[in-house]
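**Student:** Right, I'll just put the structure down here and ask away after.
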Amino acid sequence: MKKYIGAILVLLAVFIAGCSDESSGSAQNFPNGNIEIIAPATPGGGWDATARAMQKIFDDEGLIEENINVSNKPGGGGEVGWQYLKNQDAHTISINSSLVITNNLLGQSDLTYEDFTPLGILSTEWISVAVPPDSSFGSGKEIMQQLKKDPTSLKIGVAPSLGNNDHLSFVQAAKEFGVDVSKLEFMVYESGGDVLTALLGGHVDVASMSVSESKEQHLAGELEILAVSSEERIEGLEEVKTWKEQGVDMVFPHWRGIMGPPDMTEEEIAYWDEKIGKMVESEAWQEVMKNNEWEPYYHNSEESKKFLAEQTEKYQELLQQAGLTE
């Protein structure tokens, strides 16, 4: 009887070891199925463009052999796509942006970036402040001087909501200049195009929007960009001073990143670090940056954790000062 029990235990140990080896092999062989990149918005916007650029480069450069699909999951400022991501495995990743932080801070979502696995920060757009061509303001500093005298004296156009980067970059610039930002009067529109229409129609005095939304109109003389949120002057807009050059100590990126589901293994994170790291070094990615008026802003998975923590702290302070949170 003892020999019989001993034999069973030996067989059981062999079986368990086999299963362990098989499981380990599976982890080491990641990925072993289709890859899904979520664009948590409708086709055509920045999130969608980023996801499709990644798909094309991963495929064209031979970085990933598995089949790659882009899934558009719009709704709730990213909420629908990110709720979906939360229940997937490491074969599914998603584009993100500041909304993965501010949605939570504004009480619009229970999700935070900590519910996911940060995999990278990919790119940034810079944010411009523009006025109509016949405006009396000749610089961003003059706008801030006026607002410091009377914070309610100008109507400021933003889209698509308060708490986004276009809004908060203006809030930070004003705060750094000593303006009472809780009294600023923002007019909220559905899109950057609507903000442009309002600005050119005289419905707002000033507009805050991404450079990609204002550059063409500036060059055509339809509006005038008076300040940009970048560290240095932007190629093609060399005549426009940064906020820092105008005495406002601020740099504000409008970043986009990539994240995976929770509880990814170290091996899975390392896989995506390698693939994304190679992607952002490719000539094809540099061309995507140039064509979309984006700038490289790469942070790897470990750097992204620190960056997102810093951004959360900054947004929390700005939202509070703007009177949007307690």
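The values are calculated or read from the model by the stated rules, or taken from the named source; none is laboratory data. None of these values were measured; they are calculated from a predicted model. As a convention, Cβ positions derive from the backbone with ideal geometry for all residues, glycine included, and neighbour counts pool all protein chains shown. Each accessible area value is taken on the protein alone, full model and side chains, heavy atoms only, with ligands, DNA and RNA left out. Shrake-Rupley method; radii C 1.70, N 1.55, O 1.52, S 1.80 Å.
**Student:** Tally time: how many residues in segment 33-62 are open to solvent by 30 Å² or more (accessible area, probe 1.4 Å), part of a loop (DSSP other than H, G, I, E, B) and touching a residue at least 40 places away in the same chain (Cβ under 8 Å)?
**Tutor:** Residues in segment 33-62 being open to solvent by 30 Å² or more (accessible area, probe 1.4 Å), part of a loop (DSSP other than H, G, I, E, B) and touching a residue at least 40 places away in the same chain (Cβ under 8 Å): 2 in total.
**Student:** Take PRO261 and tell me if it is over 30 Å from GLU216 (Cα atoms) and touching a residue at least 60 places away in the same chain (Cβ under 8 Å).
**Tutor:** Yes; evaluated as a whole, the condition is true for this residue.
Rundown of residues vs (1) touching a strand residue (DSSP E or B) at 6+ places or on another chain (Cβ under 8 Å); (2) without any contact (Cβ under 8 Å) to a residue 40 or more places away in the chain; (3) aliphatic (A, V, I, L, M), yes/no style:
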residue	(1), (2), (3)
GLN286	yes, yes, no
ASN291	no, yes, no
GLU295	yes, no, no
ASN300	yes, no, no
LYS305	yes, no, no
ALA309	no, yes, yes
THR312	no, no, no
GLN316	no, no, no
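**Student:** If only one of GLU274, GLU313, GLU293, GLU267 is more than 23 Å from HIS91 (Cβ to Cβ), open to solvent by 80 Å² or more (accessible area, probe 1.4 Å) and not basic (Lys, Arg), which one is it?
**Tutor:** Unique residue meeting the criteria: GLU313.
**Student:** Still on this model: Keeping to segment 99-132, report how many residues are free of Cβ contacts under 8 Å to residues at least 12 places away in the same chain and surrounded by 23 or more Cβ atoms within 10 Å (Cβ to Cβ).
**Tutor:** Number satisfying all stated conditions: 0.
**Student:** Would you please name the residue that is least open to solvent (accessible area, probe 1.4 Å), looking only at residues in segment 146-155 that are in a helix (DSSP H, G or I) and in contact (Cβ under 8 Å) with a residue 24 or more places away in the chain?
**Tutor:** For segment 146-155, the residue satisfying everything is LEU147.
**Student:** Read through the list (1) open to solvent by less than 30 Å² (accessible area, probe 1.4 Å); (2) more than 26 Å from GLY157 (Cβ to Cβ), then give the number of the only condition that GLU281 fails.
**Tutor:** (1)
**Student:** Just checking, which of ALA53, ALA49 is aliphatic (A, V, I, L, M) and at pLDDT below 95?
**Tutor:** One residue alone meets the criteria, ALA49.
**Student:** Any idea which of TYR315, TYR271 is under 29 Å from GLU79 (Cα atoms), assigned to a helix (DSSP H, G or I) and over 21 Å from the mean Cα position of the chain (by Cα)?
**Tutor:** Step by step, each of TYR315, TYR271 is checked, and only TYR271 is under 29 Å from GLU79 (Cα atoms), assigned to a helix (DSSP H, G or I) and over 21 Å from the mean Cα position of the chain (by Cα).
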